[in-house]
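In what follows, a structure is listed as structure tokens, so that the remarks can point back to it.
The values are calculated or read from the model by the stated rules, or taken from the named source; none is laboratory data. The structure displayed is predicted, hence computed values, not measured ones. Positions of Cβ are backbone-derived with ideal geometry, glycine not excepted, and every protein chain shown enters the neighbour counts.
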Amino acid sequence: MRTLDYRIYDADEHYYEPDDCFTRHLESRLRPRSVRVDRSPGGNGRMYVGDERCHFFSVGAADSIGGPGLMKDFLRGATEDGGSPSLNPIDGLAVPEFTDRKARLAKMDEQGVEACLLLPTAGVGVEPQLRKPEHREALYPSLRAFNRWLEEDWGLGADGRLFGAPLLSLVDLDEGIAELERVLALGARFAILTAGPFEGRSPGDPFFDPFWARCEEAQLNVVYHIGRTPLPELYNPGWGLRPHPPSHRHSLMEYALSFTERPVVDSVTALVADNVFGRFPELRILSVEYGSSWVAPLMRKLDQLSRLYSKDMWRFGTPPLKPSDTMRRNLWVSPFYEDDVVRLVEDLGAGHVLNGSDYPHPEGLLWPAEFVDELPGVDADVVRRVMRENLVGLIG
């Protein structure tokens, strides 16, 4: 690993949530209807949304998980072994730096990490399921309760080091804006939004403009992070596939059709095609843990389509820039370390690429600064931007 003479800012770190992260601050009558873990004797905890098994995480998200960096050699193609995130499992809830703020800060000091964007594990797997009519009453109370737990256990960035990202939803615009205002008042610099449509509407529909306007005004960084989205229910059944494939157990067709990069590609396409960035030119969208192999092909495709059909294709106004330039202005990407990161810097611009370790997940890096090795031959000032300054600039 190349050595750096500065501490890095990491745009993709995680915690493992305790069983009560959605219920600790939830009123008692809604607790049985929210996200919960049943730890009856005789096995791992079973995760539920109300009385229904959680679609994405069937067991506790920290139960029997591989240690940080476990899959690195496999993902880099150096070995055929190690493709399971549950190989050599550990109890994630038993490791202090995965669950405790003070222990994580000490670990970050050891790793040379000054600050990080801190993201959920279980928390990215439940919002679409809470949208269902039988769970809807518990949706916003559950998100508020989770965000209160996040503030209490990890913080939203007041210490300048751990920038927790609250969960938001646009299923109900008024409720979504109310929670946005609440977390902004607490100092949130980032927030997570589920990729994909909301209640039959594109996220780029002007119906949602009050939300995007407030995000732009507050310079809030809106994060799309891989997890459960509405896309499997929308895309899979017509192909004879499962509408709710569980995490890490998708079929090849399910992965390609409605998981991995597809949700963020569709979401960024919607924001560009529906001219959100024309109406809100300073809006900032982050793609985290969706990789980056989709970025250049999407730029080319949208540029080509907009050139061919430029007069008739814009539902909500013609954007001032061509799509690729819009993406270079409004989109930041944290790629997989096994991606062609140098190519991403060339395509998206040095100021819009964010290193991300995915620590402590098995797919990630044991030492976040290892990401610097994905930038061979790159000028030192560009390396510093990717490893530190770009995220500093987004924090503000």
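Which number in (1) within 17 Å of the chain's Cα centre (by Cα); (2) among the aliphatic types (A, V, I, L, M); (3) closer than 27 Å to Pro335 by Cβ; (4) not in a strand (DSSP E or B) marks the one condition that Leu143 misses?
(3)
With respect to Ala191, determine if the residue is without any contact (Cβ under 8 Å) to a residue 60 or more places away in the chain, in contact with a helix residue (DSSP H, G or I) (Cβ under 6 Å, 6 or more places away or on another chain), closer than 27 Å to His352 by Cα and small (Gly, Ala, Ser).
In short, no.
Do the conditions hold for Val383, that is, is it part of a helix (DSSP H, G or I), of a type in the set (A, V, I, L, M) and more than 21 Å from the chain's Cα centre (by Cα)?
yes
Can you name the residue in the range 318-332 that is free of Cβ contacts under 8 Å to residues at least 60 places away in the same chain, surrounded by 19 or more Cβ atoms within 10 Å (Cβ to Cβ) and of a type outside the set (A, V, I, L, M) and, of all such residues, is farthest from Arg262 (Cα to Cα)?
Pro319
Where residues in the range 160-178 are free of Cβ contacts under 8 Å to residues at least 40 places away in the same chain and surrounded by fewer than 20 Cβ atoms within 10 Å (Cβ to Cβ), which of them is nearest to Leu391 (Cα to Cα)?
Top of the filtered list is Ile177.
Just give me the residues in the range 346-394 being closer than 19 Å to Asp109 by Cβ, among the hydrophobic types (A, V, I, L, M, F, W, C) and in contact with a strand residue (DSSP E or B) (Cβ under 7 Å, 6 or more places away or on another chain), in sequence order.
Those that are closer than 19 Å to Asp109 by Cβ, among the hydrophobic types (A, V, I, L, M, F, W, C) and in contact with a strand residue (DSSP E or B) (Cβ under 7 Å, 6 or more places away or on another chain): Leu365, Ala369, Met387, Leu391, Val392.
Among what's in the range 333-370 and is part of a loop (DSSP other than H, G, I, E, B) and of a type in the set (Phe, Trp, Tyr), pick the residue that is surrounded by the fewest Cβ atoms within 10 Å (Cβ to Cβ).
Filtering the range 333-370 for residues that are part of a loop (DSSP other than H, G, I, E, B) and of a type in the set (Phe, Trp, Tyr), the one surrounded by the fewest Cβ atoms within 10 Å (Cβ to Cβ) comes out as Trp367.
Considering Thr318, Thr326, which residue is outside any loop (DSSP other than H, G, I, E, B) and polar (S, T, N, Q)?
When all the criteria are applied, what remains is Thr326.
Would you mention how many residues in the range 371-388 are surrounded by 16 or more Cβ atoms within 10 Å (Cβ to Cβ), of a type outside the set (A, V, I, L, M, F, W, C) and either in contact with a Pro (Cβ under 6 Å, 6 or more places away or on another chain) or touching a residue at least 60 places away in the same chain (Cβ under 8 Å) (or both)?
Number of matching residues: 2.
Show the residue pairs meeting these rules: Cβ distance below 7 Å; 6+ apart or different chains; first residue within the range 296-317 and at positive phi; second residue surrounded by 11 or more Cβ atoms within 10 Å (Cβ to Cβ) and at pLDDT 95 or above.
Partner pairs satisfying both residue conditions: Gly317/Asn275; Gly317/Gly278.
State all residues of the range 247-260 that are in a loop (DSSP other than H, G, I, E, B) and in contact with a helix residue (DSSP H, G or I) (Cβ under 9 Å, 6 or more places away or on another chain); if no residue qualifies, say none.
Ser247, His250, Phe259, listed by residue number.
Which one is modelled with the highest pLDDT, of the residues in the range 1-25 that are surrounded by fewer than 23 Cβ atoms within 10 Å (Cβ to Cβ) and aliphatic (A, V, I, L, M)?
Leu4
When the range 263-290 is examined, which residues are found to be touching a helix residue (DSSP H, G or I) at 6+ places or on another chain (Cβ under 8 Å), in a helix (DSSP H, G or I) and under 16 Å from Gly125 (Cα atoms)?
Pro263 - this is the single residue of the range 263-290 that is touching a helix residue (DSSP H, G or I) at 6+ places or on another chain (Cβ under 8 Å), in a helix (DSSP H, G or I) and under 16 Å from Gly125 (Cα atoms).
When you go through (1) surrounded by fewer than 22 Cβ atoms within 10 Å (Cβ to Cβ); (2) in contact with a Leu (Cβ under 6 Å, 6 or more places away or on another chain); (3) farther than 30 Å from Val372 by Cβ; (4) not basic (Lys, Arg) one by one for Gly69, which number turns out not to apply?
(3)
If you scan the range 246-278, which residues turn out to be farther than 24 Å from Asp303 by Cβ and touching a residue at least 60 places away in the same chain (Cβ under 8 Å)?
Pro246, Ser247, His248
It is to be established whether one or more residues within the range 79-99 are in contact with a helix residue (DSSP H, G or I) (Cβ under 8 Å, 6 or more places away or on another chain), surrounded by fewer than 19 Cβ atoms within 10 Å (Cβ to Cβ), within 13 Å of Pro362 (Cβ to Cβ) and in contact (Cβ under 8 Å) with a residue 12 or more places away in the chain.
Yes, the range 79-99 contains at least one residue that is in contact with a helix residue (DSSP H, G or I) (Cβ under 8 Å, 6 or more places away or on another chain), surrounded by fewer than 19 Cβ atoms within 10 Å (Cβ to Cβ), within 13 Å of Pro362 (Cβ to Cβ) and in contact (Cβ under 8 Å) with a residue 12 or more places away in the chain.
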